[in-house]
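Notes to accompany the following structure.
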Amino acid sequence: MNKGQKKRGFHLFANWKMYALGMESQNYFEQFFNVFPEDRIKDLPPASIGFAAPFTKIQSIFELLSKRGLSESIVTGAQNMHSAKEGAFTGEIAYALLKEAKAQWVLLGHSERRSIFNESDEQVALKMQRCDEEQFPALLCVGETAVERKEGKGADVVTSQLLCALEQVKQRSQVWVAYEPVWAIGTGESASTEQVKEMHQAIYEKLLELGFEEEGIRIFYGGSVNEGNCEALAATAHVDGFLVGKASLKPEVFATIAQKLL
Ligand code: PGA
């Protein structure tokens, strides 16, 4: 961390993707709390910890946490959402249905959605507009591919994804963005602190330019975050949180990261 720079509340969010099959949420959290105790979690600022869970697990996780008085510090969310209010969209999920399942936030525009399911910048933008309208917190993912970086287009790709997704958003007092370089996701090779610093600075400046309030800007990094690299990455300027895939599936590992950072 730069001298004199005080970190605002850090966000440690998990992305379980289409994993966690057969994993009992009760067991997961028992093991998590063994390493990172509940009393400490209760004192954390809202949304310090988050879980982007598979749809079928959202409600039970929310209820489990809510019973323990932890559902403000640990927020349960979904990994995707359709932009329409409702409609003939077989297999899709609407905001109101997520709300019914007690989801507190949603992950949007993850690179796996963009690359595997052909989600376009325009679709991501419509989803962001739905969240804006419903005042539903969204964590917007952006990031360049290895080829784009090699061609020197990394920052352009990221800023154009931001522009497209956020241009029409009206509420500008809070924004959550995750910088997830596609080449660092699930590869075991995170971006270097230098690369993260540079891109987070570019994202920060773009968000200010778009009119987002400085106080409400939170920029997460995602891509092979683990117990070994989390401290150096978290100390980098404009890194306000992490989105963790693989390392979040093991409760002791994810709780160890929490213990180091929160
Ligand atoms: P990873 O995934 O931590 O396994 O690289 C991050 C993500 O896809 O959000």
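The values are calculated or read from the model by the stated rules, or taken from the named source; none is laboratory data. Given the structure is predicted, the values throughout are model-derived calculations rather than measurements. A quick note on method: Cβ atoms are made from the backbone with ideal geometry, for glycine too, and the neighbour counts reach across all protein chains shown. Note: areas computed on protein heavy atoms with side chains; ligands, DNA, RNA excluded. Shrake-Rupley method; radii C 1.70, N 1.55, O 1.52, S 1.80 Å.
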So if I take the centroid of the Cα atoms in the stretch 37-61 and the same for the stretch 136-192, what is the distance between those two points in Å?
24 Å
Compare the Cα positions of 251, 103, 234 along the charge dipole of the chain (+1 at Cβ of Lys, Arg; -1 at Cβ of Asp, Glu; about the Cα centre) and return the one farthest towards the positive end.
251
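Report, in listed order, any pair from 197/250; 127/260; 127/206; 153/250 with a Cα-Cα distance greater than 32 Å.
Numbers: 197/250 28 Å; 127/260 34 Å; 127/206 20 Å; 153/250 35 Å.
Beyond 32 Å: 127/260; 153/250.
Probe radius 1.4 Å, ligands and nucleic acids ignored: give me the carbon and sulfur share of the accessible area of the stretch 1-100 as a rounded percent. It would help to have the intermediate numbers written out before the result.
Numbers: 2870 of 5470 Å².
Carbon with sulfur: 52 percent of the solvent-accessible area.
Classify the chain from the C-alpha gyration tensor, please: rounded if a/c falls under 1.5, else prolate or oblate depending on whether a/b exceeds b/c. Walk me through the intermediate numbers first.
Values: a/c = 1.44, a/b = 1.09, b/c = 1.32.
It comes out rounded by the Cα gyration axes.
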Amide H neighbours of residue 14 under 5 Å, at least 5 residues apart or on other chains, H built in the peptide plane: list them.
50, 51, 52, 244
Charged-residue dipole, Cβ positions (Lys, Arg, Asp, Glu), the chain about Cα centre, Debye nearest 20:
420 debye
Per residue, how much accessible surface does the stretch 149-225 expose to a 1.4 Å probe? Answer in Å², no decimals.
47 Å²
For residue 102, counting only aspartates and glutamates whose alpha-carbon sits under 20 Å away and dropping same-chain residues fewer than eight positions off, the answer is 24, 63, 72, 86, 92, 132, 133, 134
With each run of n ≥ 4 DSSP H residues scored as -39500 (n - 2.57), what mean residue ellipticity at 222 nm is computed for the chain after dividing by its residue count and rounding to the nearest 500 deg cm²/dmol?
-11500 deg cm²/dmol
At q = 0.10, 0.12, 0.15, 0.22 Å⁻¹, what base-10 log of I(q)/I(0) does the Debye formula yield for the stretch 72-190 when every alpha carbon is treated as an equal point scatterer in vacuo?
-0.31, -0.45, -0.69, -1.30
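Assuming R0 = 35 Å, what is the FRET efficiency of residue 232 and residue 40, from their Cβ-Cβ distance, to the nearest 0.05?
Details: r = 23 Å, r/R0 = 0.65.
Efficiency computed from Cβ-Cβ geometry: 0.95.
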In Å, descending, principal axis extents of the Cα set of the stretch 16-129:
42, 26, 22
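Using 0.36 nm times the number of residues separating residue 171 and residue 205, minus their current alpha carbon distance, what extension gain do you get?
Details: separation 34, 0.36 × 34 = 12.24 nm, distance 1.78 nm.
Working it through step by step, the gained length comes to 10.5 nm.
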Please report Rg (one decimal) and Dmax (integer) in Å for the Cα set of the stretch 125-262.
14.8, 40
Enter the accessible area per residue of the stretch 39-140 (Å², integer; probe 1.4 Å; all protein chains in place).
48 Å²
Report in % the part of the accessible area of the stretch 114-262 that belongs to carbon and sulfur, leaving out ligands and nucleic acids; probe 1.4 Å.
48 percent
Straight-distance crosslink candidates among lysines, where the alpha carbon sits under 16 Å from residue 42 and sequence neighbours closer than 8 are dropped:
67
If the chain between residue 122 and residue 189 were fully stretched, how many nm would it gain, using 0.36 nm times the residue separation less the Cα-Cα distance?
21.1 nm
Cα Rg, Dmax (largest Cα-Cα span) when computed across the stretch 207-247, Å:
12.1, 36
